[in-house]
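Report on the following structure.
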Amino acid sequence: MDKEKIITTMDSWINPIWLLELRTTLRSGRFFAAFAFSLFLCVAAIIFALLILASEYRITPDQIGKGIFSTFFFLEFFVLCVFFPAFTCTGIISEKERKTFDLLITSDLRPSRIVSGKFLAAYTYGFLFIIASMPLVMVAFLFGGISVLIVVVSYGILLVLGMLFILYSLWSSTYYKSTIRAIIGSYSMVLTYSFFLSFPVIGFMMDYLYGKQVLKFFSKPFNINQVMVILIPILIIISLGILPYLLTINSLKPPHANRSTSLKIFYASSIIVILSLFCFWGISYLHSPGAYYVQRESYTLFITATSVIAVILLVGSVGLPLQTKVPGIAYVPKQGKFPTLPWLFAPGALNSAVYMGVLSLLCYSIIFLACSLTGFQSPGWFRQESFIIISLIFWIFLLFISLSSGYFCLRCKTEKTKWTATLALVIILVVIIPLLVPFSMIIDNGFQASLWNFSYLSPILCVISCVMQDDTITKMNFNLFSFIPIYYIGILIYSLASFFMYKEIIPLHKEALKRVKDKKESLKLLQEAKTE
Amino acid sequence: MIRIRNLTKKFADLYAVKNLNMDIRAGEIFGFIGPNGAGKTTSIRMLATLLEPDEGTAWIDGNCIQTQQEEVRRKIGYMPDYFGVYEGVTVWEYLDFFARAYKVSPKERNKIIDGCMELTDFTRLSSKLVSTLSKGMQQRLCLAKTLLHDPKVLILDEPASGLDPRARIEIRTLLKELSNMGKTIFLSSHILTELADVVDSIGIIEKGSIIVQGNLEEISKAISSSASSFAIIISLFQGQKIEQAKGLLENLPDVIKSEIKGDRLEIQYSGKEEEIYQIVKHLVNNDIPVTAMSREEKNLEDIFMQVTKGEVS
């Protein structure tokens, strides 16, 4: 590759927003003042710490070194909380107030490039702030007590926290409609986060300087717990960071382009958290297999993760198909013989229902895989095969709900009707049917699944009946076929209902597609007539 | 080049634009005229993909503004009515930023920026800070920015508002030059004099709907032919016998009113066009020194005043 080509390639990598931000901000007096002030603070803090520590009686040099370093670190943490949001919280709102936003949006810059440009610019200033103070911390080395490793790890923590603060400030700048609100919102978020994050950070610092338990833990020969301690915070930070990033990008898109994006973002971040839970579960099981507490922990995590997934997918199953405008389909991408990924993500009523069905199947497959791979063993009162049945109950129920909301979307003439019909269905199945059970208990003198209390239609009751293994389970059988547990009847009914619902939607979907096509064709004919 | 079909935008219960239908040919300068609040900016923002239409759509060079936004953005150069500038950057840096934003190839970028600066007369001001430029210069700079990616269509919202007469003339000259380069220009304004010399065709919008659309001359003729009377101006040699001429004309049956304006006489005539010569004959027979006679042409302002009622959407 010749020199010119390399330069051209590298030039095309430069984010225009980043370059512009650097050109405008680095020349401003505000940046210079803030930069000088932060360095002044650092110098003052070191001198102050030295004076305080030197006045102590019988203090060893390594204690002075540790004292200087910890003072310096917390000051840097403070600088991070104060200065990082200052350069980001007006990032997008200032473009709107300056009336340059329309020029940006109508250019060839994608929202993701605008957001990453703003992020990179703010991160560059922050990076400069932190790196510029690095020589000052070297004073601590004169006294000893600290190592290069702790300096590198502390700066790493600061840089990761800075990344999070910038992302939340950037989101705040798109969420609020005025600069003042964006600044208040941004600092509120950052200060709340820093309050909670300061505990582990302080704990880590104090541990290193005065106890070294963490260091001892990591200095042991490689074991799975070390991976776990590193992996879980990383996954949590990714899930915390991905949400504001995607939300910021989402808010820059025109409304019709982000119809279902907010829900996808919701899934993306939630699924990362759930995966981190599973990692924790799997790793802890692998670390000490067979231990009773691991079984209990695994069971708790299984129930937690399944419930979280079920709630997320229930919201999506109702909401995503209803994003489509009534009547018919707002926008349907070209369909080939086989459904492609963009097709699954398209905001059409049927497409969304299929997307939700596939997503729920995927999530419960993860549960199944995790259970199989980690050799999940249930406590005595929990059926071994329950996790498969529970996954199946939730999946088929969610598929049915999703298809139903898609059906209402295609059938109902007004927004209000489709929402009312869908919510009524969800409330009946999720709330009303379980409430019928206590009434039936009074009449039947104990719990008895029957035709009129419809307990087999409630996924919650099906799950409870599946989990229970004691004598009560025999009483929970469907009274017409007492040998069949109600969860099998529930699965069968929802499978048949989903099948018929799908059959019902197909012609409606085709009709809607035809309407869109007819409209397009009539417009085309009109155009041709005009041209002639 | 631009096709608009049933374009509609509603804000709550209020129609900002209602069933807008238009066709603009390639290379044409189209003037989009209307009183304040008529729906000009809303229509333009929909064309520039900044607003989603509630109904209908538009195609720019065959690309739909709803489903092919990225292609549309590459095809258009958009200049909003109000826009800001970045403080602390020079003219060259400002253009460099937008050239990068439009993904102009690094090899061509400097050449294109220089070309745009030359066209908009910024070559000598390339190192001047954008924030120190006058309003007229900033308008011109924004126009230069819209040309960087060589768009086929220019969508300009009130390009000459708030400019002094000299800057307006400069913008007009620039628009003509761009039209000669084959660009299709869609520009809105409510200052009619600034459009009259430049546009090939116009569309007048009021209360969100188009009331008149087409070639300026055709519209003028159509309005004149539909009118029940029109004005005729008669010039007399050094204004001699003007009072006598006025008296003579007032006695004619088709003359509604007559008025002396300096050495000329202006009459409102309700008769047939082919019988206008009878007026001249009548005056000459009475020894009135007629030197010229012309029918008053309708200008853009007259057309605008005649077709609009001053209502907003």
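The values are calculated or read from the model by the stated rules, or taken from the named source; none is laboratory data. Predicted, not measured: the structure shown is a model, and the values here were computed from it. So basically every Cβ, Gly included, is an ideal-geometry build from the backbone, and we count neighbours across all protein chains shown.
What are the residues in the stretch B:97-108 that are surrounded by 19 or more Cβ atoms within 10 Å (Cβ to Cβ) and more than 8 Å from chain A (Cβ to nearest Cβ), if any? If you could, list the steps in order and put the result at the bottom.
Just the residues of the stretch B:97-108 that are surrounded by 19 or more Cβ atoms within 10 Å (Cβ to Cβ), to begin with: B:97-102, B:104.
Hits for the stretch B:97-108 are B:99, B:104.
If residue B:94 satisfies all but one of (1) crowded, with 22+ Cβ neighbours inside 10 Å; (2) farther than 28 Å from residue A:98 by Cα, what's the number of the condition it fails?
Of (1) crowded, with 22+ Cβ neighbours inside 10 Å; (2) farther than 28 Å from residue A:98 by Cα, only one is false for residue B:94: (2).
If only one of B:177, B:118 is more than 14 Å from chain A (Cβ to nearest Cβ), touching a residue at least 40 places away in the same chain (Cβ under 8 Å) and either not aromatic (Phe, Trp, Tyr) or not in a helix (DSSP H, G or I) (or both), which one is it?
B:177
Could you tell me how many of the residues in the stretch A:144-174 are at pLDDT below 85, buried (at least 18 other Cβ atoms within 10 Å of the Cβ) and assigned to a helix (DSSP H, G or I)?
Looking only at that region, the number is 1.
Results for (1) more than 14 Å from chain B (Cβ to nearest Cβ); (2) surrounded by fewer than 18 Cβ atoms within 10 Å (Cβ to Cβ); (3) at pLDDT 65 or above, shown as yes or no for each residue.
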position	(1), (2), (3)
A:480	yes, yes, no
A:491	yes, no, yes
A:497	yes, yes, yes
A:500	yes, yes, yes
A:504	yes, yes, yes
A:512	yes, no, yes
A:516	no, yes, yes
A:532	no, yes, no
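For the list (1) outside any helix (DSSP H, G or I); (2) touching a Pro at 6+ places or on another chain (Cβ under 9 Å); (3) surrounded by fewer than 18 Cβ atoms within 10 Å (Cβ to Cβ), I need the number of the one condition that residue A:177 fails.
(2)
Is one or more of the residues making up the stretch A:3-12 surrounded by 14 or more Cβ atoms within 10 Å (Cβ to Cβ), part of a helix (DSSP H, G or I) and either among the aliphatic types (A, V, I, L, M) or at positive phi (or both)?
No.
Being among the acidic types (Asp, Glu), modelled with pLDDT under 85 and farther than 15 Å from residue B:31 by Cβ is the filter here; which residues of the stretch B:128-186 pass it?
Here is the first cut: in the stretch B:128-186, the residues among the acidic types (Asp, Glu) are B:150, B:157-158, B:164, B:170, B:177.
Next cut, modelled with pLDDT under 85 only: B:158, B:164, B:170, B:177.
Passing the criteria: B:164, B:170, B:177.
Among the residues of the stretch B:64-76, are any more than 20 Å from residue B:151 (Cα to Cα) and facing chain A (nearest Cβ under 9 Å)?
no
The rows are residues; the columns are (1) at negative phi; (2) in contact with a helix residue (DSSP H, G or I) (Cβ under 9 Å, 6 or more places away or on another chain).
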| residue | (1), (2) |
| --- | --- |
| B:7 | yes, yes |
| B:14 | yes, no |
| B:17 | yes, yes |
| B:20 | yes, yes |
| B:29 | yes, yes |
| B:79 | yes, yes |
| B:88 | no, yes |
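Out of curiosity, is residue B:31 of a type outside the set (A, V, I, L, M), within 18 Å of residue B:178 (Cβ to Cβ) and either more than 12 Å from every other protein chain (Cβ to nearest Cβ) or surrounded by fewer than 22 Cβ atoms within 10 Å (Cβ to Cβ) (or both)?
When the stated conditions are applied, residue B:31 passes them.
Being touching a residue at least 40 places away in the same chain (Cβ under 8 Å), within 14 Å of chain B (Cβ to nearest Cβ) and not polar (S, T, N, Q): is that true of residue A:85 here?
When the stated conditions are applied, residue A:85 does not pass them.
Give just the number: which of (1) surrounded by 18 or more Cβ atoms within 10 Å (Cβ to Cβ); (2) more than 10 Å from chain A (Cβ to nearest Cβ); (3) over 22 Å from the mean Cα position of the chain (by Cα); (4) not acidic (Asp, Glu) does residue B:57 not satisfy?
Of everything listed in (1) surrounded by 18 or more Cβ atoms within 10 Å (Cβ to Cβ); (2) more than 10 Å from chain A (Cβ to nearest Cβ); (3) over 22 Å from the mean Cα position of the chain (by Cα); (4) not acidic (Asp, Glu), residue B:57 misses just condition (2).
Can you say whether residue A:95 is within 21 Å of residue B:52 (Cα to Cα), in contact with a helix residue (DSSP H, G or I) (Cβ under 9 Å, 6 or more places away or on another chain) and either in contact (Cβ under 8 Å) with a residue 40 or more places away in the chain or buried (at least 22 other Cβ atoms within 10 Å of the Cβ) (or both), as far as the supplied structure shows?
Yes: the conditions hold for residue A:95.
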